[in-house]
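Data first, discussion second: the structure below is written as structure tokens.
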Amino acid sequence: MTKFLLCVHVLAAIITIGPVTVAASMFPAVARRALADADADAGVDGGAAVLPAARTLHRICRVYAVIAVAVPVFGLATANSLHVLTSPWLLTSIALTAAAAAVLGGLVLPRQAAALAGLRTAVDEQRAAPAVLRALAQLGTYTGLFNMLWATVTVLMIVRPGSTTGA
């Protein structure tokens, strides 16, 4: 049963966390491109062609964030079956996972939604919006923090300090 739980945990992490980290990382650049295209002097299509891509990236982040709840659920089940629930590396991973979830749910997703609203206005009015550019820079920072938290959790899951696997 432990091997099954571990397989589901790892597959859930790859299938859900991977797309969120990639989509969240791509969002600021795609949104900046839409904003640049919205500028009337750009002479492009006013950002309308790029805006659906930004919407899609935000939707990927929202949907996969919800599905990603399976990762800690199966992780805890695996840890319980391995009798390592009190191991410091696991407790640290749990705390970092909670922090990553808080960053995604509290900082990244709301700012993506706000950026999309600002982009819609900029595209409709055919002008660049400096406030949206500043928000996108901030969003890039939060996305980087989210990605670093998950990278750290991944390393802890592989190295597992004090484990008996010899790693």
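The values are calculated or read from the model by the stated rules, or taken from the named source; none is laboratory data. The model shown is predicted, which means the values in this text are computed figures rather than measured ones. Reconstructed Cβ throughout: ideal geometry from the backbone, glycine too, with neighbour counts over all protein chains shown. Remember, those area values only see protein heavy atoms, side chains included, never the ligands or the DNA or RNA. Shrake-Rupley method; radii C 1.70, N 1.55, O 1.52, S 1.80 Å.
Figures for the structure shown
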read-out	value
Near pairs, Cβ below 6 angstrom, 6+ apart or cross-chain, from region 51-68 (open to solvent by 40 Å² or more (accessible area, probe 1.4 Å)) to any residue that is of a type outside the set (A, V, I, L, M, F, W, C)	Ile60/Pro19; Tyr64/Thr16; Tyr64/Pro19; Ile67/Thr16
Pairs with Cβ under 7 Å, 6+ apart, first in region 125-151 and open to solvent by less than 30 Å² (accessible area, probe 1.4 Å) and in a helix (DSSP H, G or I), second modelled with pLDDT of 95 or more and among the small types (Gly, Ala, Ser)	Thr143/Ala24; Thr143/Ser25; Phe146/Ala24; Phe146/Ala100; Leu149/Ala99; Leu149/Ala100
Residue tally, condition within 18 Å of Leu5 (Cα to Cα) and among the small types (Gly, Ala, Ser), over region 88-125	1
